[in-house]
1. Which value, in debye to the nearest 20, describes the size of the charge dipole of region 162-289 about its Cα centre when Lys and Arg Cβ atoms bear +1, Asp and Glu Cβ atoms bear -1, and nothing else is charged?
2. Exposure proxy check: ARG31, ARG90 ranked by fewest other beta carbons within 10 Å?
3. Work out the P(r) tail for region 3-79: percent of alpha carbon pairs separated by more than 13 Å, whole number.
4. Among the lysines, select those whose C-alpha is under 29 Å from the C-alpha of LYS55, and discard any that sit fewer than 8 residues away in the same chain.
5. Using alpha carbon centroids, what distance separates region 17-38 and region 271-290, in Å?
6. So for VAL175, VAL283, fewest C-beta neighbours within 10 Å to most, what's the order?
7. Region 82-156: percent of C-alpha pairs farther apart than 15 Å?
8. Could you give the dipole magnitude of the chain about its Cα centre, charging the beta-carbon of Lys and Arg +1 and that of Asp and Glu -1, in debye to the nearest 20?
Amino acid sequence: MRIGQLAQRVGVTPHVLRAWEKRYGLLRPERTASGYRLYGSADERRVRAVLALRKRGVPASDAVEKVLSAERTSEAESAAVGSPQVLVARLLLATADFDEPAAQVALDQTLSLPLETAVGDVLMPFLNAVGQRWAEGRLAVAQEHFSSELVRRRLAARTGTWGHGAGPRVLLSCVPGETHDIPLLAFGLLLARRGWRVSYLGQDTPAVDIIRAADQIRPDLVVLAVVRGEPMTALGSDLAPLVSRHTVAFGGAGVDPTAVKTMGAHVLAPSLVDAAAQVAELVRAQRRRR
């Protein structure tokens, strides 16, 4: 994104961002062929971390040093446990062999990484690779279930504080007929890390129950997961009351963008990490309209 877009997302002026980039090296933009600077999600994460420290009274220079030092430590720890690609390979090997101890060690190391890295660079690529190998006949259904349940248990174990955030409230649910909930679990963890209060309905929730829950909870946002394309069929009329009364976003590989936009809902980015930043902007825009 350009610096103006980044400034709008994080809530500071481009002047401040340029100063932090020039004085402290906080931002690391890439240059286009025409010379424009482009900033990525890593730059946004650093800025948000600095802003969080500034709210606690930490001077800008000290805040930047803390953030960059933590990033260097994280990179060193990542190198010690292996690259994300190595961890994915180890998890795939453990899955093929039904080797739970080896899989648990690899998951321990994965979850010691920053959550965005663990989810975006290891767990989702691993599960996608498992699904692809199953489709190609290289893994059996039992191996696919083995790997999915391992990851689900480890992610679910981190959800105990979901209701205690101080930020916006989100209602997460799979659409009717959708049973693949691991990406939704991971998305909830990413939002909780950002301070969101998460209410989770999980797999294959009937449309009428999603609507009732949303009307009772009154969340700032409803996020519906669609991993397979089939559950999108005929959802428009079933979920029309939900979309008319709440801000709704759909995410997952099975989302039909045209159908979602026709319903008046939002389409989330394919990357869970990018989608977590996107929904924050959706809620900010919604509050500005009120």
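1. 700 debye
2. Details: ARG31 9, ARG90 21.
The fewest-first ordering by Cβ neighbours comes to ARG31, ARG90.
3. On the way: 1983 of 2926 pairs.
For region 3-79, the fraction of Cα-Cα distances above 13 Å is 68 percent.
4. The reachable lysines, counting only those whose Cα sits under 29 Å from LYS55, are LYS22, LYS66.
5. 24 Å
6. Numbers: VAL175 25, VAL283 18.
Listed from fewest to most nearby Cβ atoms, that is VAL283, VAL175.
7. Values: 1310 of 2775 pairs.
For region 82-156, the share of Cα pairs beyond 15 Å comes to 47 percent.
8. Values: 37 positive and 29 negative charges, 365 e Å.
Here the chain has a charge dipole of around 1760 debye.
Bear in mind that the values in this text are calculations on the coordinates, not laboratory data. These numbers come from a predicted model, not from an experiment. Glycine also receives a Cβ, built like all others from the backbone with ideal geometry; neighbour counts cover every protein chain displayed.
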